[in-house]
Each structure stands twice: as C-alpha cells, then as structure tokens.
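The values are calculated or read from the model by the stated rules, or taken from the named source; none is laboratory data. Note that the structure is predicted; figures quoted are calculated from it, not measured. Reconstructed Cβ throughout: ideal geometry from the backbone, glycine too, with neighbour counts over all protein chains shown.
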Amino acid sequence: MQSIVITGAAGRIGRTIAPLLEREGRRLVLLDHEVPADATGDWVEATVTDRDALAAALAGADTVVHLAGIPVEDEWESILSTNIDGTHAVLSAAHDAGVGRVLLASSIHAAGYWSAADLHDHPFEPRPDTLYGVSKAAMEALGSVFADRFGMSIVSARICTFLEHPAVDAVPGRTIATWLSPADMVRLVEAVVALEEPGHHLVWAVSANAQGWFPLEAGRAIGFEPQDDAVQWFLDRDGRTPDLPSRDDLLAGGFVGDGHPLGERWG
Ligand SMILES: NC(=O)c1ccc[n+]([C@@H]2O[C@H](COP(=O)([O-])OP(=O)(O)OC[C@H]3O[C@@H](n4cnc5c(N)ncnc54)[C@H](O)[C@@H]3O)[C@@H](O)[C@H]2O)c1
C-alpha cells in the first residue's frame, strides 16, 4: 500500500487535490491543526511543529506533500514558527521516518521582485517580496540541504496562483500568466510520487498558460507536464483572446505596494 501524507490538508489546495489523488492501493494521511468538523478520511489533528505527532503520522509514508503554512504576509514570529520551523520539522521527520520524497509548497513570492522578463536570466534565483516570500526561500534552502545531506528526493515547487479557474476578476488579470489549475497541481504531485532521482529539484508550479512567463523545463525533467492553459480558458469563455498582462510587471502582484506593509498580517 502506497502512503502519502498531506500537511495543511484542510486548506484550499489540500481539500481540492486530496479527493483527486485517491487511488486503489494508496492511503492518504491528512494532517492539519484545524480539522473540519465534517471531514472524512484518515485525519491527524496536529501542528507541524509537533515532532511526536509528525513521527507518528509519517511512519511508513512514501511521500510527504507539505502544504501547511501561513499563505500570506504576517508578523515575523508567526512566519518563522509556522513556515520555517514547520518546514524544518517536517523535513526532519521525513528523514527520520525514511520517507523518500517530499514536495514543498514554495511560492512565486520567493521571487516576487523579479519580473517575468527577468526569469530568462534568473529562472530560479530568490528575490522575495515579503517576509512570507523569505520563508519560502528558506523552505527551498532547507529542501536543498536535506536532499544533499541525506539523498532524499525533494521538490520545491514555486506555486503561482492556485485557482479552480483563472477568472478571479471580471476582466482577465495577472492570473492569465500565473494560474495553476487543480488538475496540474495533481499532475505535479503524481510526478513527485513517481520520482526516483534523488536531489533537490526546484520547479515552477504553474499551468501551461500560453502567456509562457515561466520556465517549465525543470518541471518536465521530473515528469511534471502541465496541460491547462488560462488563455485558452478565456478564449473558450469569451470567444476572443483576452488582454494580456505585461512581462515587465513584478511577479509580486498585489503582495507589494500601498496597503501591504512588510511584516504586517493581511486581512
Ligand atoms: N494558494 C496558492 O495560490 C498558493 C500559492 C503559492 C504558495 N502556496 C502555498 O501552498 C500552501 C497551501 O496553500 P493554501 O492556499 O491551501 O493555503 P490555506 O491557508 O488554505 O491552507 C493552509 C493549511 O495549513 C494549515 N496550517 C497552518 N498552520 C499550520 C500548522 N502550524 N500546523 C498544521 N497545519 C497548519 C491551515 O489550517 C490550512 O488548512 C501554503 O504553504 C502556501 O504558502 C499557495
């Protein structure tokens, strides 16, 4: 029986992809510090900084999909504890339990001060736009050191904008370039589950949007072949090619600028 542990399984990405990952001969262990009252399946209610709970949850696992974390800007102490200490605890537990593969949910915000045009020369160089982005750059560095030290297969995936569909506003915006569809997120997880090659693999987690901002070669090298396309989605809906955002805009999008001070909790 193959076993996959998903941390942060009660969140937006986790609750969307978990049902799509169910297979004959596969066990999903769903971990979150806030388990929904109506949850069904194999749940563990625990924080990712609880080492004992992680050891129990990861025993016998083949793959860990680490989604748990604060997904926006917040105070440093919270970011440090949940996103950086949490990732360290998950990777340590995965190593201790002999888990071969880990998928880390990094973010476009690890590189938000680059523009799409910059990615040609700097495809993976970190340039965080927030303390949140710093925590994702740290996540990637932690993935790298665990892979190099212990021969684990670790994929740090810079998730761009995970949405059911790319239309968040009435008119198409940045998501036409940054959309990651649920089906493509599942393709990424399946690629990691099947990954044999050890090492740290840093990939862009984005659909095959015709806008083509993001280098997809590193993803393809680990078997991640995204298939959805936001431009096509708008064409199908509206019958015409939508206006496209500029490649010279910062990848940060709404995470910088007025109303989004560094280190202050959103919302
Ligand atoms: N949604 C996106 O477009 C996007 C983009 C880039 C990166 N990401 C990353 O992907 C991951 C999942 O994103 P999401 O949109 O599902 O976020 P979300 O906030 O909806 O889900 C995160 C889940 O983690 C859980 N969690 C938080 N702290 C925890 C802790 N200490 N222990 C255990 N569980 C904890 C929360 O309860 C929540 O269910 C996050 O790490 C986020 O930074 C998401």
| task | Count, please, the residues in the stretch 95-144 that happen to be within 14 Å of Ile84 (Cα to Cα) and of a type outside the set (Ser, Thr, Tyr). | result | 14
| task | Could you tell me whether Val193 is at pLDDT 90 or above, within 18 Å of Ile108 (Cα to Cα) and within 19 Å of the chain's Cα centre (by Cα)? | result | no
| note | Subset of the stretch 44-85, residues of a type outside the set (A, V, I, L, M, F, W, C), within 16 Å of the chain's Cα centre (by Cα) and over 17 Å from Arg265 (Cβ atoms), comes to Thr63, His66
| Matching option when the condition is farther than 28 Å from Arg26 by Cα and within 12 Å of the ligand (Cβ to nearest atom), among Ser135, Ser156, Ser107 | Ser135
| Taking the stretch 125-154, which residues are under 15 Å from the mean Cα position of the chain (by Cα) and farther than 21 Å from Ile79 by Cα? | Ile154
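On the basis of being of a type outside the set (Lys, Arg), within 11 Å of the ligand (Cβ to nearest atom), in contact (Cβ under 8 Å) with a residue 24 or more places away in the chain and over 27 Å from Asp228 (Cβ atoms), does Asp148 make the cut?
Answer is no for this residue.
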| task | Just give me the residues in the stretch 6-21 being among the aliphatic types (A, V, I, L, M) and within 12 Å of the ligand (Cβ to nearest atom), in sequence order. | result | Ile6, Ala9, Ala10, Ile13, Ile17, Ala18
| query | Listed residues Ala191, Ala177, Ala210; which is of a type in the set (A, V, I, L, M, F, W, C) and assigned to a loop (DSSP other than H, G, I, E, B)? | reply | Ala210
| query | Of everything in the stretch 40-62 that's under 15 Å from Ile84 (Cα atoms) and part of a loop (DSSP other than H, G, I, E, B), which residue is farthest from the ligand (Cβ to nearest atom)? | reply | Asp50
| request: Output the residue which, of all residues in the stretch 22-39 that are part of a strand (DSSP E or B) and among the charged types (D, E, K, R), is nearest to the ligand (Cβ to nearest atom). | output: Asp32
| remark: Flagged in the stretch 80-134 as aliphatic (A, V, I, L, M), closer than 17 Å to Ile159 by Cβ, in contact (Cβ under 8 Å) with a residue 60 or more places away in the chain and part of a helix (DSSP H, G or I), in numbering order, are Val90, Ile108, Ala111, Ala116, Leu119
